[in-house]
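J.: Next up is a structure, given as structure tokens.
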Amino acid sequence: VLDLAAAVRWARALGYRRVATVGFSMGGSVVLRHAALYEPEREGRTDARTDIAVAVSAPARWFYRGTAPMRRLHWIVTRPAGRLVSRYGLRTRVHHEGWNPVPLSPVAAAPLIAPTPLLIVHGELDPYFPLDHPRMLAQAADPATTDLWIEPGFGHAENAAPPELLGRIAGWITEHA
């Protein structure tokens, strides 16, 4: 969230008056938390706030293990052997300590985002997070400022996003800017 706030500040320092944030998967949860924590009313944070938030394939809650890919991910993150596989096989280091404190969950962040426009995009074929995740996010968010797109044939995040979908997301951002 702090990195995203810094990027938004930088964009504003470059002269951009309107900034949209877009995140995929865990990045989608960062976009949701950032939009909630840097809302326009918080004093001293207006230069870091987003004007439009888009979360694609984002989880609604932490520690979800309901799908095989998420069970594998949790094995990598929570077990010493998994962290070794991650470090040497995936060239990614994972810290052995858990979150302390646990950050605001995406579903808890969602109601705090309004009046910022929010688009939640999720694939019908997402192997990581089933459709209850985007529906929980949309249900928690302000219906007056939130759109939910459940995309047929779409899997998970940027690797599965067809150019047509990315173009529609860009169009939605432009329409709400």
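J.: In square angstrom, what is the accessible area per residue of segment 1-112 with a 1.4 angstrom probe?
T.: 59 Å²
J.: Quick one: net charge of residue 66's neighbours, Cβ under 15 Å, K/R +1, D/E -1? Before the final figure, lay out the partial values.
T.: Details: positive: 61, 65, 71, 72, 135; negative: 126, 132.
Surrounding charge for residue 66 is +3.
J.: Ok, one more. Using a/c under 1.5 as the rounded threshold, could you call segment 79-159 rounded, prolate or oblate? The axes a ≥ b ≥ c are square roots of the C-alpha gyration tensor eigenvalues, and prolate needs a/b larger than b/c, oblate otherwise.
T.: Here segment 79-159 falls in the oblate category.
J.: As an exercise, identify the chymotrypsin sites (Phe, Trp or Tyr not before Pro) in segment 42-146 lying in DSSP coil whose Cβ has no more than 14 other Cβ atoms within 10 Å.
T.: Filter output for segment 42-146: 62, 63, 99.
J.: Something else: Starting from the Cα of residue 158, step 7 Å along the direction of its Cβ; do the same at residue 79; then give the gap between the two resulting points in nm.
T.: 3.0 nm
J.: If you don't mind, there's one more thing I want to ask. Could you give me D for segment 127-177, from Stokes-Einstein at 10 °C and 1.306 mPa s, where the hydrodynamic radius is the Kirkwood radius over C-alpha pairs? Units µm² s⁻¹, please.
T.: Translational diffusion coefficient: 128 µm²/s.
J.: Another one. For 83, 61, write out the residues from largest to smallest accessible area, computed with a 1.4 angstrom probe and no ligands counted.
T.: Largest to smallest exposure gives the sequence 61, 83.
J.: Using percent of Cα pairs over 25 Å apart as the read-out, say which of [x] 36; [y] 51; [z] 68 was calculated from these coordinates.
T.: After the calculation, the listed value that fits is [x].
J.: Based on the alpha-carbon gyration tensor of segment 71-124 and its eigenvalue square roots a ≥ b ≥ c, which shape applies: rounded if a/c is under 1.5, prolate if not and a/b is larger than b/c, or oblate?
T.: On the way: a/c = 3.32, a/b = 2.05, b/c = 1.62.
Prolate, because a/c is 1.5 or more and a/b exceeds b/c.
J.: As a test of reading the structure, rank 136, 70, 26 by solvent-accessible area (1.4 Å probe, protein chains only), most first. Show your work: numbers first, answer last.
T.: Numbers: 136 65, 70 15, 26 100 Å².
Of 136, 70, 26, the descending order of accessible area is 26, 136, 70.
J.: Want the number for residue 10 to residue 145: 0.36 nm per residue separation, take away the alpha-carbon distance, what's left?
T.: Numbers: separation 135, 0.36 × 135 = 48.60 nm, distance 2.58 nm.
Extending this stretch completely gives an extra 46.0 nm.
J.: Taking K and R as +1 and D and E as -1, what net charge do the other residues with C-beta under 14 Å from the C-beta of residue 11 add up to?
T.: Charge balance near residue 11 sits at +2.
J.: Same structure, new question: Could you sort 25, 86 by their accessible area in this structure, using a 1.4 Å probe and putting the largest first?
T.: So the residues, ranked largest to smallest area, are 25, 86.
J.: Leaving out ligands, DNA and RNA, what percent of the accessible area of segment 15-92 is carbon and sulfur, probe 1.4 Å?
T.: 54 percent
J.: Ok, one more. Taking the simple approach of a point 7 Å from Cα along Cα-to-Cβ for both residue 102 and residue 90, what is their distance in nm?
T.: Label at residue 102, label at residue 90, 2.1 nm between them.
J.: Counting other Cβ atoms within 10 Å, which GluC sites (Glu not before Pro) in segment 111-177 have at most 15 and lie in a DSSP loop?
T.: Details: sites: 124, 158, 164, 175; in loops: 124.
Taking segment 111-177 and a limit of 15 other Cβ atoms within 10 Å, the loop GluC sites (Glu not before Pro) found are 124.
J.: Tell me the net charge near residue 95. Cut-off is 14 Å between Cβ atoms, residue 95 excluded, with +1 for each Lys or Arg and -1 for each Asp or Glu.
T.: It works out to a net charge of +3.
J.: For residue 96, what accessible area in Å² do you get when you roll a 1.4 Å probe over the heavy atoms of the protein chains, rounding to the nearest 10?
T.: Near enough 130 Å² of accessible area.
The values are calculated or read from the model by the stated rules, or taken from the named source; none is laboratory data. Predicted model only: the values in this text are computed from it and were never measured. Ideal geometry is used to build each Cβ from the backbone, glycine not excepted, and the neighbour counts take in all protein chains shown. Only protein heavy atoms, including side chains, enter the accessible area calculation; ligands, DNA and RNA are left aside. Shrake-Rupley method; radii C 1.70, N 1.55, O 1.52, S 1.80 Å.
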